[in-house]
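To start, the structure itself, in structure tokens.
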Amino acid sequence: MHPSPSFFQRLFLRVETALLRHGTEPKTIFFLAVFSVLDGFLPMLPAEMFVLALCVFQPKRGPLIVLLFAAASTLSAFLLALGMGTLTASAESMSQKLMGSQGPQVLAMLRDWGPVCMVFFSVFPDSPRSAIALFALSGVSPESIAGMVFIGKLMLYNVLLLLIHHLPSRVGRWRGAGPFWVRWSQRRASRFVAYCRRIRWRARCLNQGN
């Protein structure tokens, strides 16, 4: 007997089906961008998956998709940092209890390097929730955190957009020759292109079935 799917599994399946059905509609971009704001608070479907699928379905609107989802991640980070910033005083007293005289130095270091580090953390998939909370508690302003998250997500989403546009025309020319790291990159690129094709194929099958 198979266990019944959990609430988040059912939610994931519904979002996935809706994305495949309506991924070519412009209003889907705005709806999912608003929905992805919750990604900063709940470990839901990562916004990167929305960006990838929407850029596959609507390549001409790629720049708009990138901008809207980067803005959504920025708003999510700002709200989370704003909420955590109210606990700054508690964080300072806790740091003094845990680290003694070194507590203020650690917090000062986080304030100095926090904004720059946020760009690095934001380039990776998923929302950097822990980093946002840590830097907000150390006293980094929500505006600085949000600005760095915006820069990092713009970089990430633009890379995804460039891969979708340029990889399909290059994968067919590769023959698997070269050093190990070249072959490894070629295999990953081929899988990425195959994944994008599978998204289109599943959408066609779903729409034809109706």
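For labels at V15 and R204 in the simple 7 Å Cα→Cβ model, what's the distance in nm?
2.7
Subtracting the Cα-Cα distance from 0.36 nm times the residue separation, let me have the gained length for T24 to V116 in nm, one decimal.
Roughly 29.5 nm would be gained on extension.
Within 12 Å, Cβ to Cβ, of P125, how many net charges do the neighbouring residues add up to if Lys/Arg are +1 and Asp/Glu are -1?
Cβ neighbours under 12 Å give a net charge of -2.
Taking the Cβ of each residue in F7, F30, F121 as the centre, tally the other Cβ atoms inside 10 Å and list the residues starting with the fewest.
Neighbour counts put them in this order, fewest first: F7, F30, F121.
What ranking of D39, D126 emerges when the number of other C-beta atoms within 10 Å of each C-beta is taken as an exposure proxy, fewest first?
Lowest count first: D126, D39.
Would you list I132, I199, I29 from fewest to most Cβ contacts within 10 Å?
I199, I29, I132
L79 label point, 7 Å along Cα→Cβ, cut-off 15 Å on backbone N: hits in the stretch 16-46?
Counting only backbone N, you get 31-45.
Subtracting the Cα-Cα distance from 0.36 nm times the residue separation, let me have the gained length for W184 to L163 in nm, one decimal.
Residue separation times 0.36 nm, minus the Cα-Cα distance, leaves 5.9 nm.
Read-outs: derived from the displayed coordinates by stated rules, not from any lab. Since the model is a prediction, treat every value here as computed from it, not as a measurement. Cβ atoms come from the backbone with ideal geometry, glycine included; neighbour counts cover every protein chain shown.
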